[in-house]
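**Student:** Provided herewith is a single structure, encoded as structure tokens, for subsequent inquiry.
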Number of protein chains: 2
Amino acid sequence: MTDDALEEPQRRRRRGAERGQAPPPAPRLPQPTLPFRPVEIISSDEVESIHLASLAVLKEIGIDFLHAEAKEILRNIGADVKPGSDRVRFDPALVEAQMGKAPRQFTLHARNPERDLVIGGDRTAFCSVGSAPNSFDRDGGRRPGNHHDYQNFIRLGQSFDQIHLWGGYPVEPVDIHASVRHLDAIFDMLTLSDKPIHAYSLGRERNRDAIEMARIARGIDDATLEREPSLFTIINSSSPLRLDTPMLEGIIQMARRNQVVVLTPFTLAGAMAPVTLAGALTQQNAEALAGLVLAQSVRPGSPFVYGGFTSNVDMKSGAPAFGTPEYMKSAMIGGQLARRHGLPYRSSNTNAANSLDAQAAYESVFSLWGAIMGGANLLMHGAGWMEGGLQASFEKMALDADLLGMVIDFLRPVKTDESELAIEAMRDVGPGGHFFGTAHTQARYRTAFFAPMISDWRNYESWRDAGSPTALDAANKLFKERLEHFVAPPIEPERREALEEFVARRKAEGGAPTDF
Amino acid sequence: MTDDALEEPQRRRRRGAERGQAPPPAPRLPQPTLPFRPVEIISSDEVESIHLASLAVLKEIGIDFLHAEAKEILRNIGADVKPGSDRVRFDPALVEAQMGKAPRQFTLHARNPERDLVIGGDRTAFCSVGSAPNSFDRDGGRRPGNHHDYQNFIRLGQSFDQIHLWGGYPVEPVDIHASVRHLDAIFDMLTLSDKPIHAYSLGRERNRDAIEMARIARGIDDATLEREPSLFTIINSSSPLRLDTPMLEGIIQMARRNQVVVLTPFTLAGAMAPVTLAGALTQQNAEALAGLVLAQSVRPGSPFVYGGFTSNVDMKSGAPAFGTPEYMKSAMIGGQLARRHGLPYRSSNTNAANSLDAQAAYESVFSLWGAIMGGANLLMHGAGWMEGGLQASFEKMALDADLLGMVIDFLRPVKTDESELAIEAMRDVGPGGHFFGTAHTQARYRTAFFAPMISDWRNYESWRDAGSPTALDAANKLFKERLEHFVAPPIEPERREALEEFVARRKAEGGAPTDF
């Protein structure tokens, strides 16, 4: 990564802040690169055991595909499709033949080329929270998702450079009719933000509308769109061992246009997957490979991301648990499996807390630990996720942006050149001295260290005298400041008009069917 | 690690809890083992650059040793000691000659042999908070450390199996006169607890008293004590590049009796160390190696732990920062340096928060991330540390015990045998089914997953109806329950009497000098 490119905007920002000036617009941080090899917590033999067990599941048990065209496609490539049944079984050789076609990495394009992202290899990218049914902030409390909150989440997420792309609607705007919700929501995402987008797979019309809107926003033709992936969709299997109709339609529509499919089995150990981690990961791998085979049969070489979301449930209540030791191990082994297959890897920043307390923070950072050390190339739900996904929180989005900023700084390589080794500075200061006044320090102190947005490092007495603010207080203040000062990114007027026209036309046509 | 040994007590505990019975006494978790290779975030060439820069510092700048006998010992092994000066310079060959003598791992003995710990290799061990001047709990607020709180911290830490040993007094009992404080404090530590202990290096009498008390508590003779390290001390350099009188006395007294020296430079980048990470780590390494050379000159082969505590200060206020990206990177590179030298490695669980909020939690888990992935063999301040070390918190100790429990579970190897791969369970359930009722789940669900003490996984409505408890509420409840049900571990009456007699005699003699 270009380290200088990172330092320059930070230097400008911090200098401005020190002079008491309003800071300049959010600096453009470069996309982070993982500077170390991801951790391998099981051996390659053990990875192979899981993979071979998955192949046995695909051959002997099979997967239910609830979609006639999908079954037809799979039958045509030689899968064992039983007439009159949804069950599809795969010979290991057939699975292996489809593997290796998808790219190890690809560029996901934004309407602003500066926001393009490389997905895969040693790069990582962080999504906003996606798909929460409820929104929350401390002042307004918890409420069902709505258009007003949706737009504010888009504004807030756009304002944080630590959030690289959208991973669905941060909160579901349920006050927009389902037939046209995707049109308004994607319009907002493409106009209030200039980052790469996601589209839900909820019927072919929605996929097609989203693909067309991404094309219009980028101002490109169809051929360019098919060369340059410009949006992604999350495909969740209906675990165990089943892919439902809209999800299969999504794979077909997106892969056919060379757009990005992220296949994430929803394998909660003890509920929709075996109670053992190895078993849940075997099932995850089987379901992900089933999706891969379909996508690569639709269009060989189309971009595909291997998703891992294996966690466990609380066996007393059935409640899903996140950021647990089991989650961390699954996140890391998921990365090992994805790399074994030569595929980009998706993980998540999760927690099951109901309020932005210590639990929300430790479960999130344990999740990040698993994801980052596991080599995640795409981090879903990076900022704002609460309550196991049932709540999008404005304060949590602000706090997570700071956590992601820390991760980004952690991933910046440490330099060890002569000037950094600082022998001369130690000679200047000598035993018993202090480094603050040295030239070596003075030349570097403004940009030497990560500058947090949330953390309060005042001593106890100063902090108490300031009213004992908590991290929640700081996050509440930060998100409001960001919304207050939000400036939408520029968009070419003709593209905006074309998007407006498309939305108006599709609304006039009645939008999309709501029988999904 | 013996995985079965871990599962058995957990199974008993959880079964008991489910039947509504009082749980049996705290299960004995085995000491954790790191199941993966620690992360290398810089190359071995870069590690070598830092090490060579340290050797240049030791040769060209030198270290001030404020202790006549220490200087004499170093002069005798060939160090360059200037007459009339405290400055000592070391030829690289001299330093390298002393390296490799200390053991890569050793056993630290407790008075209860079941609490013995292996320090080094691929093992890790977690200390309680140490040395806080203030104590805190939500009901009593923040107050100066005192004997009552001190004893309760010992009881609380003893009750958590996730805390393996003591890393100093959890809080300083300032209401005990300094001349006899170490006698009362170590007596409490050895009688209210049966875990390995730490002694402060605050003058030779205190080191000698602590060594003798450890010997008495174990019921062993002097020769056995010198074969079996039975306590440890933390030696902090007075950075930059200086070791003061009591610390050097501590190295001499402890190494002479083959007891454990943990040398931890206090290298806050930008204050007592260069503002660059590579520079601060160069200084850390130089100071640690200076201590190593002295300890191995006093007694070749005596147990020595390489400590890393490099963090940064907030350059605006000078306040120390912890759990930062810089801290994480330093923790990992510190581990690389320690392993290069063939020494056990000490890191810490730190944060700079003033209250047990999200900041306290995320800074702690980022610290744990750096320490654990950096291969720490000894984690100082594992449970209870707040405010950059100025506060020991009862609630934080309870919460950290749960975090450490999660780390311990994370470190348990994932099994991938046929039964764990669960193909038969998937066949039983089939596409679209549910795993809860299967035999595979029923046989395992009680012990399948980590059972947290703090995390609240209820859904929002149940949680709200229960009064919206936060993690702080849960930690407050947990620590009080533990203190209420505390039972001191058994101790042989004759050992207790001998300890009482020793304390009485030393008090009658006036204790230790207070001119440190």
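The values are calculated or read from the model by the stated rules, or taken from the named source; none is laboratory data. Small disclaimer: the values here were computed from a predicted structure and weren't measured. Neighbour counts run over all protein chains shown; Cβ positions are idealised from the backbone, glycine included. Calculation scope for accessible area: heavy atoms of the full protein, side chains included, ligands and nucleic acids excluded. Shrake-Rupley method; radii C 1.70, N 1.55, O 1.52, S 1.80 Å.
**Student:** Any residue at all in segment B:438-448 that's buried (at least 17 other Cβ atoms within 10 Å of the Cβ) and more than 41 Å from the chain's Cα centre (by Cα)?
**Tutor:** Yes, the conditions are met somewhere in segment B:438-448.
**Student:** Here is a follow-up. Name the residues in segment A:314-330 that are at the interface with another protein chain (Cβ under 7 Å from one of its Cβ atoms) and in a helix (DSSP H, G or I), would you?
**Tutor:** Selection gives A:PRO325, A:GLU326, A:MET328, A:LYS329.
**Student:** Right, another one. Given the structure, is A:ASP149 under 17 Å from A:ASP188 (Cα atoms) and among the acidic types (Asp, Glu)?
**Tutor:** Spelling it out, A:ASP149 is indeed under 17 Å from A:ASP188 (Cα atoms) and among the acidic types (Asp, Glu).
**Student:** Still on this model: Regarding A:GLY100, is this residue modelled with pLDDT under 95, open to solvent by 30 Å² or more (accessible area, probe 1.4 Å) and closer than 22 Å to A:ARG346 by Cα?
**Tutor:** For A:GLY100, the condition - modelled with pLDDT under 95, open to solvent by 30 Å² or more (accessible area, probe 1.4 Å) and closer than 22 Å to A:ARG346 by Cα - is met.
**Student:** Report, by residue number, each residue of segment B:394-427 that is farther than 16 Å from A:GLN284 by Cα, charged (D, E, K, R) and buried (at least 17 other Cβ atoms within 10 Å of the Cβ).
**Tutor:** B:GLU395, B:LYS396, B:ASP400, B:ASP402, B:ASP409, B:ARG412
**Student:** When segment A:112-137 is examined, which residues are found to be touching a helix residue (DSSP H, G or I) at 6+ places or on another chain (Cβ under 8 Å) and within 20 Å of A:MET406 (Cα to Cα)? If you could, list the steps in order and put the result at the bottom.
**Tutor:** Filtering segment A:112-137 for residues touching a helix residue (DSSP H, G or I) at 6+ places or on another chain (Cβ under 8 Å) gives A:124, A:126, A:128-129, A:131-132, A:134-137.
A:THR124, A:PHE126, A:SER128, A:VAL129, listed by residue number.
**Student:** Does B:GLU484 count as at pLDDT 95 or above, surrounded by fewer than 16 Cβ atoms within 10 Å (Cβ to Cβ) and over 26 Å from the mean Cα position of the chain (by Cα)?
**Tutor:** For B:GLU484, the condition - at pLDDT 95 or above, surrounded by fewer than 16 Cβ atoms within 10 Å (Cβ to Cβ) and over 26 Å from the mean Cα position of the chain (by Cα) - is not met.
**Student:** Among the numbered criteria (1) more than 14 Å from chain B (Cβ to nearest Cβ); (2) crowded, with 23+ Cβ neighbours inside 10 Å; (3) under 27 Å from A:PHE322 (Cβ atoms), which single criterion is violated by A:GLN259?
**Tutor:** Among (1) more than 14 Å from chain B (Cβ to nearest Cβ); (2) crowded, with 23+ Cβ neighbours inside 10 Å; (3) under 27 Å from A:PHE322 (Cβ atoms), A:GLN259 violates only (3).
**Student:** For residues that are out of contact with any Leu (no Cβ under 8 Å at 6 or more places or on another chain) and either in a loop (DSSP other than H, G, I, E, B) or open to solvent by less than 10 Å² (accessible area, probe 1.4 Å) (or both), tally how many sit in segment A:111-132.
**Tutor:** The number of residues fulfilling the criteria is 5.
**Student:** Across segment A:335-380, what is the number of residues that are of a type in the set (Ser, Thr, Tyr) and open to solvent by 10 Å² or more (accessible area, probe 1.4 Å)?
**Tutor:** Qualifying residue count for the region: 1.
**Student:** Which numbered condition in (1) touching a residue at least 60 places away in the same chain (Cβ under 8 Å); (2) among the small types (Gly, Ala, Ser); (3) assigned to a loop (DSSP other than H, G, I, E, B) is the only one that B:SER135 fails?
**Tutor:** With respect to (1) touching a residue at least 60 places away in the same chain (Cβ under 8 Å); (2) among the small types (Gly, Ala, Ser); (3) assigned to a loop (DSSP other than H, G, I, E, B), B:SER135 is out only on (3).
**Student:** Within segment A:263-280, is even one residue part of a helix (DSSP H, G or I), under 22 Å from the mean Cα position of the chain (by Cα) and within 13 Å of chain B (Cβ to nearest Cβ)? Spell out the reasoning first.
**Tutor:** So in segment A:263-280, the residues part of a helix (DSSP H, G or I) come out as A:277-280.
Checking which are under 22 Å from the mean Cα position of the chain (by Cα) leaves us with A:280.
Checking which are within 13 Å of chain B (Cβ to nearest Cβ) leaves us with A:280.
Yes: segment A:263-280 contains one or more residues that are part of a helix (DSSP H, G or I), under 22 Å from the mean Cα position of the chain (by Cα) and within 13 Å of chain B (Cβ to nearest Cβ).
**Student:** Just one of B:ARG242, B:ARG204 is charged (D, E, K, R) and crowded, with 20+ Cβ neighbours inside 10 Å; which is it?
**Tutor:** On the way: B:ARG204 fails: crowded, with 20+ Cβ neighbours inside 10 Å.
Step by step, each of B:ARG242, B:ARG204 is checked, and only B:ARG242 is charged (D, E, K, R) and crowded, with 20+ Cβ neighbours inside 10 Å.
**Student:** Restricting to segment B:28-46, and then to whatever is more than 11 Å from B:GLY335 (Cβ to Cβ) and within 20 Å of the chain's Cα centre (by Cα), can you tell me which residue is nearest to the other protein chains (Cβ to nearest Cβ)?
**Tutor:** My answer is B:PRO35.
**Student:** Out of (1) farther than 26 Å from B:HIS67 by Cβ; (2) of a type in the set (Ser, Thr, Tyr); (3) open to solvent by 10 Å² or more (accessible area, probe 1.4 Å), what's the single condition that is false for B:SER297?
**Tutor:** (1)
**Student:** Consider A:ARG227 carefully, then state whether it is without any contact (Cβ under 8 Å) to a residue 40 or more places away in the chain and either open to solvent by 10 Å² or more (accessible area, probe 1.4 Å) or closer than 27 Å to A:PRO493 by Cβ (or both).
**Tutor:** yes
**Student:** Every residue in segment B:472-484 that is of a type outside the set (Lys, Arg), away from chain A (no Cβ under 13 Å) and touching a residue at least 40 places away in the same chain (Cβ under 8 Å), please. Outline the logic, then answer.
**Tutor:** If we filter segment B:472-484 for residues that are of a type outside the set (Lys, Arg), which is where we start, we get B:472-476, B:478-479, B:481, B:483-484.
Going one step further and asking which of them are away from chain A (no Cβ under 13 Å), we end up with B:479, B:481, B:483-484.
Those that are of a type outside the set (Lys, Arg), away from chain A (no Cβ under 13 Å) and touching a residue at least 40 places away in the same chain (Cβ under 8 Å): B:PHE479, B:LEU483.
**Student:** I would also like to ask the following. Being farther than 13 Å from A:LEU294 by Cα and small (Gly, Ala, Ser) is the filter; apply it to segment A:70-97 and report the residue that is least open to solvent (accessible area, probe 1.4 Å).
**Tutor:** Checking each candidate, the answer is A:SER85.
**Student:** Pick from A:ASN354, A:ASN377, A:ASN349: which is at pLDDT 95 or above, touching a strand residue (DSSP E or B) at 6+ places or on another chain (Cβ under 8 Å) and within 7 Å of chain B (Cβ to nearest Cβ)? Quick ask: steps written out before the conclusion?
**Tutor:** Details: A:ASN377 fails: within 7 Å of chain B (Cβ to nearest Cβ); A:ASN349 fails: within 7 Å of chain B (Cβ to nearest Cβ).
Result of the check over A:ASN354, A:ASN377, A:ASN349: A:ASN354.
**Student:** Please state which one of B:ALA451, B:ALA508 is within 26 Å of the chain's Cα centre (by Cα) and of a type in the set (Gly, Ala, Ser).
**Tutor:** Unique residue meeting the criteria: B:ALA451.
**Student:** I would also like to ask the following. Being within 20 Å of the chain's Cα centre (by Cα) and part of a helix (DSSP H, G or I) is the filter here, so list the residues in segment A:291-313 that pass it.
**Tutor:** Within segment A:291-313, A:GLY291, A:LEU292 qualify.
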